[in-house]
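Here the structure is laid out as structure tokens; the discussion comes afterwards.
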Amino acid sequence: MANKAMDYDLSQLGSQMSQLTGVRAIMKDIIETLRQAGGREFINLSAGNPVIIPEVEQLWRDCTAELLASDEYGEVVCRYGSSQGYAPLIEAIVNDFNQRYGLSLTDRNILITPGSQALYFYAANAFGGYTEAGTLKQIVLPLSPEYTGYGGVSLFKEALLAYKPTLDLDEKAHRFKYRPDFSQLVIDERTGCVILSRPCNPTGNVISDEELTKITELAANQGNRNQVPVILDAAYAPPYPALNFTEMKPQFGGNLLHCLSLSKAGLPGERIGVAIGDPELIEVLESFQTNLCIHSPRYGQAMAARAIASGKLGHIAENVIRSYYQNKFTVLEETLDATLPKDVPWFLHRGEGAIFSWLWLKDLPMTDWELYQELKKHDVIVVPGSTFFPGLKEEWQHKHECIRISLTATNEEIATAMRRLASVVEKVYSVTSSAKI
Ligand SMILES: Cc1ncc(COP(=O)(O)O)c(C=O)c1O
């Protein structure tokens, strides 16, 4: 297909949307590498797919068995439902969030979507892009690097605008952390919406409660203009999957739309996303969904309703899922601390959540893409960092000095891969940039 001339004329949107963006384009290279591996055994640390943790799989198996045995089954799979979502799931979420966070949500605050990626697509195009008067409304990503999937959500590429962060550096400890750069960030009448992930894929960063409040206030205070919605991507946040390794307070209300995903809570195949927020925002997104796909599949929603209403999902997230990935991060950082040379300017991003770690190799004498190729020669696959800067218009050397390392392999694989990475990095820095290793 790739080498064959296209037999069909595509619209401008058609050609744009048939391109893979960001990390999905790299995945093609990775799949090809693995396919041609022959007898070689790669340690693949590129995956964003969650691990099948036995307790988590069992929870979903039990929910499925209950659903199959219940009278509800026919109603769930043999009939259409409302665009907003399956009522028992909406009720379970309303009750759980009201109880956990002292909110007073009703069903009008909730929308269920087929995965949260769909939600970002609706929001990016409902609030970003061209107004009826022809002005461009931006989709602002306040802190780059960000989730690569935002790169493909807008029908108008020019609408996406990301900002460079500031860096908190601990040179001695070889650690760093990104922070939003409020001296640069602009949210004004040109902004259609703001999107950010917390915890963040790819870096594991959790921006502070104060920083998030500052962003939502900036977006709310537009003089006598309407507010700008802040789309908060909580794909790794508490209460499920609870992949935060540091304290963080989920925020709700006003112009903030809190967006959950059940993918990292073990259900990526069922595609469940949830928006929680102002009914006015929910109504807009619900109509978008009706036009696009009528409603989300109901099978997974009925399973999720059981897992949430019983309290089991929240319990497993806090007691199993979180520690599973947090332990992997510990293995990774201990191995890097023990093996990476102290005189090389390497900096690991603080591991505050998510299922990835992010390594910055300052003044790397080659590009991130070349380092990715070098690591492949040593049977280790990571993701070059430059794919994680969607919407960043300006050139920035830092973009080519980072890699994302997935925490989805076994402890042994992570330790082995980090030792190999350390020896490759040592060689890379010990020769001139033009020399080959
Ligand atoms: C930050 C972030 N947001 C959204 C998604 C998409 O999740 P979903 O499966 O709910 O569409 C991912 C998936 O990896 C993610 O990392």
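The values are calculated or read from the model by the stated rules, or taken from the named source; none is laboratory data. As the structure is a prediction and not an experimental result, all values here were calculated from the model. We place every Cβ from the backbone using ideal geometry, glycine too, and count neighbours over all the protein chains shown.
What the table shows:
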{"quantity": "Residue identified as modelled with pLDDT of 95 or more, within 22 Å of the chain's Cα centre (by Cα), closer than 24 Å to THR408 by Cβ and crowded, with 18+ Cβ neighbours inside 10 Å among ALA237, ALA162", "calculated": "ALA237"}
{"quantity": "Flag for LEU155 being part of a loop (DSSP other than H, G, I, E, B), in contact with a Gly (Cβ under 8 Å, 6 or more places away or on another chain) and in contact (Cβ under 8 Å) with a residue 24 or more places away in the chain", "calculated": "yes"}
{"quantity": "Matching residues in the range 89-124 - criterion: being assigned to a helix (DSSP H, G or I) and within 16 Å of the ligand (Cβ to nearest atom)", "calculated": "LEU89, ILE93, SER116, GLN117, ALA118, LEU119, TYR120, PHE121, TYR122, ALA123, ALA124"}
{"quantity": "Residue count for the range 166-219, restricted to those that are of a type outside the set (Ser, Thr, Tyr) and away from the ligand (no atom under 16 Å from the Cβ)", "calculated": "31"}
{"quantity": "Subset of the range 9-31 [over 24 Å from the mean Cα position of the chain (by Cα) and of a type in the set (D, E, K, R)]", "calculated": "ASP9"}
{"quantity": "Options GLU352, GLU401, GLU412: the member that is of a type in the set (D, E, K, R), surrounded by fewer than 22 Cβ atoms within 10 Å (Cβ to Cβ) and in the same structural domain as GLN36 (by TED's automatic domain parsing)", "calculated": "GLU412"}
{"quantity": "Residue within the range 412-430 that is part of a loop (DSSP other than H, G, I, E, B) and not hydroxyl-bearing (Ser, Thr, Tyr) present", "calculated": "no"}
{"quantity": "Scope the range 180-212; condition outside any loop (DSSP other than H, G, I, E, B) and surrounded by 15 or more Cβ atoms within 10 Å (Cβ to Cβ); matching residues", "calculated": "THR191, GLY192, CYS193, VAL194, ILE195, LEU196, SER197, GLU211, LEU212"}
{"quantity": "Selected residue (criterion: modelled with the highest pLDDT) from residues of the range 213-234 that are out of contact with any helix residue (DSSP H, G or I) (no Cβ under 7 Å at 6 or more places or on another chain) and part of a loop (DSSP other than H, G, I, E, B)", "calculated": "ALA234"}
{"quantity": "Sole residue being under 26 Å from GLN184 (Cβ atoms), of a type in the set (Asp, Glu) and out of contact with any Phe, Trp or Tyr (no Cβ under 8 Å at 6 or more places or on another chain), chosen from ASP343, ASP337, ASP368", "calculated": "ASP368"}
{"quantity": "Pair list, Cβ < 6 Å and 6+ apart or interchain, from the range 190-214 residues that are closer than 11 Å to GLU352 by Cα to residues that are within 16 Å of the ligand (Cβ to nearest atom) and at pLDDT below 95", "calculated": "none"}
{"quantity": "Long-range neighbours under 9 Å by Cβ, at least six apart or interchain, first residue within 20 Å of LEU141 (Cα to Cα) and not assigned by TED's automatic domain parsing to the domain that holds ILE272 within the range 231-258, second modelled with pLDDT under 95 and polar (S, T, N, Q)", "calculated": "none"}
{"quantity": "Restricting the range 43-86 to residues that are among the charged types (D, E, K, R) and assigned to a loop (DSSP other than H, G, I, E, B), the residue that is surrounded by the most Cβ atoms within 10 Å (Cβ to Cβ)", "calculated": "ARG79"}
{"quantity": "Count of residues meeting criterion [among the basic types (Lys, Arg) and closer than 30 Å to GLU189 by Cα] in the range 84-136", "calculated": "1"}
